[in-house]
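Heads up: the structure comes next, in structure tokens.
The values are calculated or read from the model by the stated rules, or taken from the named source; none is laboratory data. Quick caveat, the model's predicted, so the values are computed rather than measured. So basically every Cβ, Gly included, is an ideal-geometry build from the backbone, and we count neighbours across all protein chains shown. The protein model used for the area step is the full one, side chains on, heavy atoms only, and it has no ligands, DNA or RNA in it. Shrake-Rupley method; radii C 1.70, N 1.55, O 1.52, S 1.80 Å.
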Amino acid sequence: MSRIGKMPVTIPSGVDVKVEGRKITVKGPKGLLSREIPMGVQVEVRDGAIHVLPPSRPKEKTAFQGLVRSLVNNMVIGVSGGFQKDLDMVGVGYRALSKGNILEIHAGFSHPVEFRLPEGITAEVDKSNRISVKGIDKEKVGQTAADIRAVRPPEPYKGKGIQYTGEKIRRKAGKAGA
């Protein structure tokens with residue numbers, strides 16, 4: 001039995017949850033999210049909470065109970081508060097500019113890289129070297145932040161590149177002696 005899957009997801013005020021067959025829809029002040037639930041797992045809404053019931057065949061599908069509970073919890077948090085991922089640009093001349101749904105990244109290349117943001121995701125640039133990726137879908141926010149980081153990942157010698165805020169970069173020693 002999944003310990004995470006047994007815990008109910010409380011529904012905050014202003015959030016509306018509908019379960020229709022294998023489809024769950026969560027609507028809140030920030031937006032609307034919907035998702036298909038895997039076969040065998042059932043979701044019920046009762047007493048102001050969402051309960052994920054264990055699958056009928058515990059041997060093969062037990063892991064899906066905890067997975068579905070975590071996904072539903074992320075949907076509820078996303079439509080009520082949203083998610084944010086911050087990135088820092090480290091390096092001389094490294095900066096970013098936000099132009100609507102296009103992020104222009106100057107990261108040491110001979111040309112600026114234009115990064116198109118997916119639908120439902122916004123990016124704010126502070127002090128031209130900190131990027132905040134925001135949205136209601138946790139998966140999209142994380143994947144977009146990873147794609148931005150992949151434009152110029154941090155290198156291990158000087159630490160230059162795009163990194164998550166608070167990320168520790170393992171540094172290597174350079175050439176010894178001259």
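Tallying residues that are open to solvent by 70 Å² or more (accessible area, probe 1.4 Å), without any contact (Cβ under 8 Å) to a residue 60 or more places away in the chain and in contact with a strand residue (DSSP E or B) (Cβ under 7 Å, 6 or more places away or on another chain) within region 153-178 yields 0.
Do we find a residue being within 30 Å of Tyr164 (Cβ to Cβ), at pLDDT below 90 and among the hydroxyl-bearing types (Ser, Thr, Tyr) anywhere in region 117-132? Within region 117-132, one or more residues are within 30 Å of Tyr164 (Cβ to Cβ), at pLDDT below 90 and among the hydroxyl-bearing types (Ser, Thr, Tyr).
Being of a type outside the set (Val, Ile, Thr) and modelled with pLDDT under 90 is a condition met by no residue of region 11-19.
Residues checked against (1) over 24 Å from the mean Cα position of the chain (by Cα); (2) more than 20 Å from Arg3 (Cβ to Cβ):
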position	(1), (2)
Leu53	yes, no
Leu67	no, no
Val76	no, no
Asp86	no, yes
Val92	yes, yes
Ser98	no, yes
Ile105	no, yes
Gly108	yes, yes
Val113	no, yes
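Hey, among the residues in region 52-90 that are in a helix (DSSP H, G or I), charged (D, E, K, R) and out of contact with any strand residue (DSSP E or B) (no Cβ under 8 Å at 6 or more places or on another chain), which one's surrounded by the fewest Cβ atoms within 10 Å (Cβ to Cβ)? Within region 52-90, the match that is surrounded by the fewest Cβ atoms within 10 Å (Cβ to Cβ) is Lys59.
In region 25-51, the residue that is surrounded by the most Cβ atoms within 10 Å (Cβ to Cβ) out of those that are among the polar types (S, T, N, Q) and within 19 Å of the chain's Cα centre (by Cα) is Thr25.
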